[in-house]
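For reference, the structure is listed below as C-alpha cells.
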Amino acid sequence: MDDRAFMTLLGYLHRVPAVEPISQGVESSGWWLKLTLDIEHELAWHVVQEFAYVLNGLSLTERLPTVFKPVSPPPYLNGGPNDYLSWVIECESPDFSPGTCADWLEGRLPRPVEDLSQWET
C-alpha cells in the first residue's frame with residue numbers, strides 16, 4: 001500500500017465540515033491517517049461523534065479494525081487544543097484499506113457530507 005491508496009479517503013475527508021487531513025502512513029500491521037479539526041466550527045463535535053460511532057463502535061458483534069482518537073503533544077510544552085490537538089484514524093488490518101474506510105464513512109454520515117443542512121445540530 002502506498003500514498004495512492006489514501007486518495008479516496010482523503011477526497012472524502014476534504015468534504016467533511018471542519019476536517020483537514022494532515023498526514024498518513026502505512027505500517028506492517030495496517031495504516032493511519034492524522035487530521036485536524038476546527039474546534040470552533042459549529043459541527044466539529046458532531047463530526048467527532050459521527051466518526052467515533054462509525055470507526056469505534058458501529059457494531060458490537062462485527063467491529064471495524066479501526067480506532068478514531070485524539071492525539072496531542074504535551075500541552076504544557078506547546079499550547080491549547082486550537083493549535084495542538086489532532087485526531088487519528090488507525091487501522092490494524094492491512095486488508096481494510098483507506099478506500100474501504102471512506103466507503104463506511106460515506107455510507108453512514110450525512111449525505112451529501114458537505115451540505116451543512118444535512119447535519120443535525
- Take the residues in region 36-50 that are within 12 Å of the chain's Cα centre (by Cα) and of a type in the set (V, I, T), then tell me which one is nearest to P73 (Cα to Cα). T36
- Message: Among the residues of region 10-24, are any touching a Pro at 6+ places or on another chain (Cβ under 8 Å), assigned to a helix (DSSP H, G or I) and among the aliphatic types (A, V, I, L, M)?
- Response: yes
- Could you grab the pairs with beta carbons closer than 7 Å, sequence gap of 6+ or different chains, first residue in region 8-32 and within 13 Å of G99 (Cα to Cα), second one assigned to a loop (DSSP other than H, G, I, E, B) and among the hydrophobic types (A, V, I, L, M, F, W, C)? W31/M1
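The numbers here are math on the coordinates, done by the rules we state, and not lab data. Remember, it's a predicted structure, so these values are computed and weren't measured experimentally. All Cβ positions, even for glycine, are placed from backbone atoms using ideal geometry, and neighbour counts span all protein chains on display.
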